[in-house]
Structures are given as structure tokens and as C-alpha cells.
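Beneath this line is the structure, given in C-alpha cells, with notes to follow.
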Amino acid sequence: MSHTVPAAVPPVFHPEPKLSAVPTQPSAKNRETLPAPAPRTWTFIARPAGQLETVTCLPGCVVPHDADRETPTFREDIWCMTEDVEDVWLPVSTGGQKPEETRLLSCTIRKDPFDRNIAKRVPHAVLEVMEDSFIEPLDPDGLAAVILQLEGQLQQIRAVHAQLTELREQGQVQL
């Protein structure tokens, strides 16, 4: 029995030829993965001695380092950083002043390869609580402890929210 379609049948009814270029559904065993991009390695002239130093960036570093490579730089001024989490902006007033939009709870990973503080020489988290107010360096356990404290505070804020909602619904607030 032949499975060919007569030539008189319109082309729309002809079966599609098998495409050898279309891959089959990959399995976990044969799935192709892209290699992670290699961290950048570059050199700079260290001040004040003028020796050539080599740096390997933190994977995912977003610092361009152009100025570091082009001009003599103090070793302590070299640092790498990943991209920040999405910013949260809220109106904050201080001392009874008019509220200003303030960035809160920004977090990134940073590495300062030549810092005097050894904890900053390895990848660590930097949590910016508010603009220019930081908690650093945080190792994974330290960041987890901060997250737990913030989660506890959020639970308390949710309880205040529930209480406020209940009071408003009961008509306890006079405007």
C-alpha cells in the first residue's frame, strides 16, 4: 500500500517533508547548555609604585573599569559589583519635612579584591537600607539573617495593616 498523494490534490494537502534541522524535544541528558561567560580579566597600573596588577572581575560585574585600566589607580579603589535588584522608591519625610521619594532596600553583590578588610575581598552582599545607608559586607548567612528580620518586620506591618483596615471598616476613624 502506497502512502503517496496523487499530484492532482492541492499542495496544502501534501504532507510536510521531515525537517532535519528542527531538533527533537531535548531530554535532560542531551540538552545543550550555554557556558557561563568567563569573568573579565584585565590589568592596571597600581599607584603609587607603578607596578602592573591583574584583576579578574566578579562574574556578572557591571562596572566598566575603563578609567581603572587607562590611568594609574590605587588598589583600594578597585571594586566589582553585580547589577542592583529593582529599586523601591517610597515617599519618606524626615524631621517633619515634605516627603521626598527615597530609594529603599537595594541589594547587590560586590567584591573589593584589594580591600584591607578580608571579608570584602570575597563576593559579599551590600544592602542599601536607604540612600547612602548601607549594611555590608554580608556573607550568605548574614544576608539570610537580615532577610529573616525583614520578614518578621513585614509580618508585624501586615498585622498593623489588618488592624487599620478593621478600624476603618468599623467606622472608628473620624475624618
Arg47 fails exactly one of (1) surrounded by 10 or more Cβ atoms within 10 Å (Cβ to Cβ); (2) modelled with pLDDT under 90; (3) closer than 30 Å to Ile118 by Cβ, namely (2)
Which one of Phe114, Phe134 is in a loop (DSSP other than H, G, I, E, B) and either loosely packed, with under 10 Cβ neighbours inside 10 Å or of a type outside the set (S, T, N, Q) (or both)?
Phe114
Given the criteria more than 18 Å from the chain's Cα centre (by Cα) and aromatic (Phe, Trp, Tyr), does Phe134 qualify?
no
Can we say Asp141 is modelled with pLDDT of 95 or more and loosely packed, with under 12 Cβ neighbours inside 10 Å?
yes
Looking only at region 94-111, count every residue that is small (Gly, Ala, Ser) and surrounded by 10 or more Cβ atoms within 10 Å (Cβ to Cβ) and tell me the total.
1
Can you find, within region 51-93, the residue that is farthest from Leu138 (Cα to Cα) among those that are touching a residue at least 24 places away in the same chain (Cβ under 8 Å) and part of a helix (DSSP H, G or I)?
Arg69
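The values are calculated or read from the model by the stated rules, or taken from the named source; none is laboratory data. None of the values given here were measured: they were computed from a predicted structure. Please note: Cβ atoms are built from the backbone with ideal geometry, for glycine as well, and neighbour counts cover all protein chains shown.
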